[in-house]
Structures are given as C-alpha cells and as structure tokens.
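Take a look at the structure set out below.
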Amino acid sequence: MMKNTLKVVLLTSMLPFAASAAEGMSPWYVGGGLGVNNYEPNCDQKTMKVCGEDDPYAWDVFGGYLFNDYFGVELGYRDLGRAEWVDYSNKLNDVGARGMTLGLVAFYPFADKWSLSAEAGAMNYLISNKKQWNTEYYSDSGIAPYVGAGIGYNFTENLKLAAKYRRYENLDEEKWNTLSMESNYWGLELSYRFGSAAPAAVAAPVVAAVAADVDSDNDGVVDRLDKCPNTPSDHKVDATGCTVYEMATTKHDLGGILFANNSSVINQSSYADIEKLANYMKKNPEHTVIIEGHASNVGKASYNMTLSERRANSVAQALESKYGISSNRIKSVGYGITKPIVEGNTPEANKQNRRIEAIVTGTEKRAVLK
C-alpha cells in the first residue's frame, strides 16, 4: 500500500513541470525545520512491557533546487527524535532514527503568498539505541520511504514559513528483528530562496514608436518596412519600398552606311561601321536588327526599290557570313526613294539618300515612373 501511495505522489508532483520559473529568482534554496515525531507502535511491540518517556523533538536541514515554480528536488538531513520503553525483562530501552533524505517536492499557489505542497522521497536511515541502561547496543540501517504535505506562506519573495506533516514507513531493525516501526512528524520549517524578482518591464516610449514610422526617402513605405532605402522620388515602389520595373521594347538607329550610285556593293570603308553593329549585337544577344535599304531619286522608282532591297541584303549577308550574327536575328527591307533624309535631287541629297540604316530592337528592364 505504501509503495503504491509513493508512486501516486511522485507522478502527481511532476504534472506542473512545464511551467516556467519566476524570472530573476534563483532556483536554489536552503532551510531548516523543527517539530515533534511519534514512532508507532512503540508501545505495542512484542518485546515491550511499559512505555517510557519519549524525547519526540525532531529537526532537519535541507537544500533544494527548483526546476520551475511548481516542481523541485530536495536533499537534507533529518533527526526524528527518540522513544523509550521497558521490556518484559524490566530493561529500559530507547531507539532513534536519523539520516540523509532525497525527495521530490511540488508546490501549488492558491492565493496571494499562500501555497500548498506535497513531497515524496526516501530516507537512508540509521536506527540505534544509546545503550544507557545496561542494555545491549544495537543498530541497523535501511531505506525508508516517506510522503508529506504542507501549507506555506511567503513573507517576502525569498522567505517562506511552512507547516509540514510527514509519514515514514518501514523504519525497521532487521538485524535482530526487534523493531518494525512507522513514524508521524509534524513541524514548522523556514526556507530561503536566493535571488530577486526581475523588475517589471517598462513600456517603450511613444516617441520610439513614432520614430519607427519615419519615411526617410518619401516613397510611401516607412523605414522599418523599407527594404530599399533611398529610392528615387519619381520611381513607383512596391510594398517593401523597392522600385517596380517593367520590360520595355526600344529601338536604336545605329547610323547609316553609304553606297555608290547605282551600286549595292559595300564600300571597304563601310565595314568598320558594320563591325561595330555586329559587336553591339553580340553584346546584346536578345536584340534583333532591321536593315533598311534606301535609294536616291534618280531613275525609275521601281528600279530604285529593287536596288534598295539589294543593298539591305548585302549588309544582312555580311553580318551573317563575316561576323557570325544568326540570320533569325536579322531582317532586311528596301524602301526605295520613299524615305529620303534630304529632299531634292542635288548631288549632295542623292549621296545622303543612297544609304543603309540599321534599326536595332531590344527588350530592356526599366523603372516604372510615378
């Protein structure tokens, strides 16, 4: 029965293990207690005849460690006092138990500064007499389980006074098989827990909260949420304060290549311009190019249209064969005399209008403006 009770108390004391200890308080504490102890049945033993005068005063000292505010472990030393009796041989006998204890303790606060406690553990006891009245000296040792309960009051965060009851089982003298006792203890104990409670947290000033919502770059996103500080003021931004981009198609005219009158043969001096165009295409592999051929306003318009197409094809073939630009990136088209850059039929106007223009088209990433 006693062993089953001990198991129940140990399991119950572990239930609040998950609670957190008081912030700032040390988990260590020390204490001591005084009380009275009654061995039983010291007047009903088979060798006893008359009860003597007991010395029931008991005391203990202990140290403990709290895993949290509700659960801990204690190590201590206890002296349970003495009992006296006269046996059937008219000899006066006495006995007392003392020894080290180790146990689990559980606490349950139920009101301001008040708490209930439960404990369970074992005592490594030494039981002996004093051999005071010509009796034989005897002693024995063993392990005695105990359980206890109490109620405590905290005078301060560190100092607590508690009233305790403990029940010890199997305080036996088995060497001579003369004693088989239990014990009941009542007493007071005073304990001191080290440390001090942490001060209450001070609310952050309202000014700090206001400062956290400053928008330094005026993009509409406060600094504490802004992942891209110092964005230009004319850029549209997303929820994190970063510039929003779009892919846009642009055209670049890389200049003209001139031809001789009535000719689609590329001048040697023009290959330097074609090479520049090829290098640009290689640096921008996503871009394409339209080679536009043009003619001067001399002769029939239909002939000039065909001539402008031949000129465009000549440059397109040079880009592909001489400079390695893929044909799927090149398109050639002839406009004849429909797009002059200089009006009129003068020698200078005709020279400028006999030309090739390269229009490069590409998609590029650019910021979206407000």
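If you go through segment 327-347, how many residues are modelled with pLDDT of 90 or more, small (Gly, Ala, Ser) and in a loop (DSSP other than H, G, I, E, B)?
1
Name the single residue, out of those in segment 283-292 being touching a Gly at 6+ places or on another chain (Cβ under 8 Å) and not in a strand (DSSP E or B), that is surrounded by the fewest Cβ atoms within 10 Å (Cβ to Cβ).
It comes out as Glu286.
Are any residues in segment 316-340 free of Cβ contacts under 8 Å to residues at least 40 places away in the same chain and among the aliphatic types (A, V, I, L, M), and if so, which ones?
Ala316 - this is the single residue of segment 316-340 that is free of Cβ contacts under 8 Å to residues at least 40 places away in the same chain and among the aliphatic types (A, V, I, L, M).
Name the residue, out of Ala318, Ala295, that is surrounded by 15 or more Cβ atoms within 10 Å (Cβ to Cβ) and either out of contact with any strand residue (DSSP E or B) (no Cβ under 9 Å at 6 or more places or on another chain) or under 16 Å from Asp273 (Cβ atoms) (or both).
So the residue among Ala318, Ala295 that is surrounded by 15 or more Cβ atoms within 10 Å (Cβ to Cβ) and either out of contact with any strand residue (DSSP E or B) (no Cβ under 9 Å at 6 or more places or on another chain) or under 16 Å from Asp273 (Cβ atoms) (or both) is Ala318.
Would you tally the residues in segment 236-268 being farther than 30 Å from Asp223 by Cα, at pLDDT 85 or above and surrounded by fewer than 11 Cβ atoms within 10 Å (Cβ to Cβ)?
The number of residues fulfilling the criteria is 1.
Of Ser326, Ser332, which residue is crowded, with 17+ Cβ neighbours inside 10 Å and hydroxyl-bearing (Ser, Thr, Tyr)?
The conditions single out Ser332.
Of all residues in segment 215-274, which are part of a loop (DSSP other than H, G, I, E, B), β-branched (Val, Ile, Thr) and more than 36 Å from the chain's Cα centre (by Cα)?
Val265, Ile266
Among (1) at pLDDT 95 or above; (2) touching a Phe, Trp or Tyr at 6+ places or on another chain (Cβ under 8 Å); (3) among the β-branched types (Val, Ile, Thr), which single condition is Val95 missing?
Against the list (1) at pLDDT 95 or above; (2) touching a Phe, Trp or Tyr at 6+ places or on another chain (Cβ under 8 Å); (3) among the β-branched types (Val, Ile, Thr), Val95 comes up short only on (1).
Looking only at residues that are at pLDDT below 95 and loosely packed, with under 14 Cβ neighbours inside 10 Å in segment 21-35, which one is farthest from Phe194 (Cα to Cα)?
Looking at residues that are at pLDDT below 95 and loosely packed, with under 14 Cβ neighbours inside 10 Å, I get Glu23.
The values are calculated or read from the model by the stated rules, or taken from the named source; none is laboratory data. Since the model is a prediction, treat every value here as computed from it, not as a measurement. Cβ: placed from backbone, ideal geometry, glycine included. Neighbour counts: every protein chain shown.
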